[in-house]
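Values quoted throughout were computed directly from the atomic coordinates according to the rules given, and no laboratory measurement underlies them. Nothing here was measured: the structure is a model prediction, and the numbers come from that model. Glycine gets a Cβ as well: all are built from the backbone with ideal geometry, and neighbour counts include every protein chain shown.
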Amino acid sequence: MSSERPIGQGTYRVAFSAEQWRERLSPQEYAVLRDGGTERPFTGEYEEVREAGTYECRACGAELFTAAEQFDARCGWPAFWAPTDSDAVELLEDTSLGMRRIEVRCAACGSHLGHVFEGEGFPTPTDQRYCINSISLRHRE
Ligand SMILES: [Zn+2]
């Protein structure tokens with residue numbers, strides 16, 4: 001991980017120590033949300049577009065995305081063209097893996113969600129693809 005700010009640094013509304021996060025999350029959830037990992041493509045539970053509902057942060061419960069902004073990007077992870085509210089997520093430059101990417105984190109707790117890509121030509125209102133790990137989200141009807 002070489003984002004401009006390591007996960008766990010910064011001031012957030014929801015704050016726990018690494019040990020407390022480990023108690024609250026499964027090892028798989030912790031590896032993505034608090035360690036910046038990526039779930040394997042086509043393995044997550046929310047890759048298919050849901051008809052309705054909202055997606056909240058699995059770490060803290062903040063609402064992040066709605067099914068209305070989800071689209072089928074066929075990339076192996078849930079894709080959204082915008083967050084529920086631009087204040088719901090935090091964007092940071094990430095230069096890991098020899099690429100310059102924009103990392104997406106939960107603005108309430110600082111947990112890692114995924115990355116956002118732009119200008120790929122998807123027929124959506126923003127032409128942005130918030131490529132988010134299923135395990136970082138929880139769907140609510
Ligand atoms: Zn959160």
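Details
- Any hit, segment 105-120, residues being in a helix (DSSP H, G or I), within 16 Å of the ligand (Cβ to nearest atom) and of a type in the set (Ser, Thr, Tyr): no
- Restricting attention to segment 121-140, the residues that are touching a residue at least 60 places away in the same chain (Cβ under 8 Å) and in a loop (DSSP other than H, G, I, E, B) total 1.
- Filter result for the condition that a residue is touching a Phe, Trp or Tyr at 6+ places or on another chain (Cβ under 7 Å) and of a type in the set (Gly, Ala, Ser), over Ala62, Ala108: Ala108
- In segment 49-86, the residues that are over 13 Å from Cys131 (Cβ atoms), within 16 Å of the ligand (Cβ to nearest atom), of a type outside the set (Lys, Arg) and assigned to a loop (DSSP other than H, G, I, E, B): Ala59, Cys60, Gly61, Ala62, Thr84, Asp85
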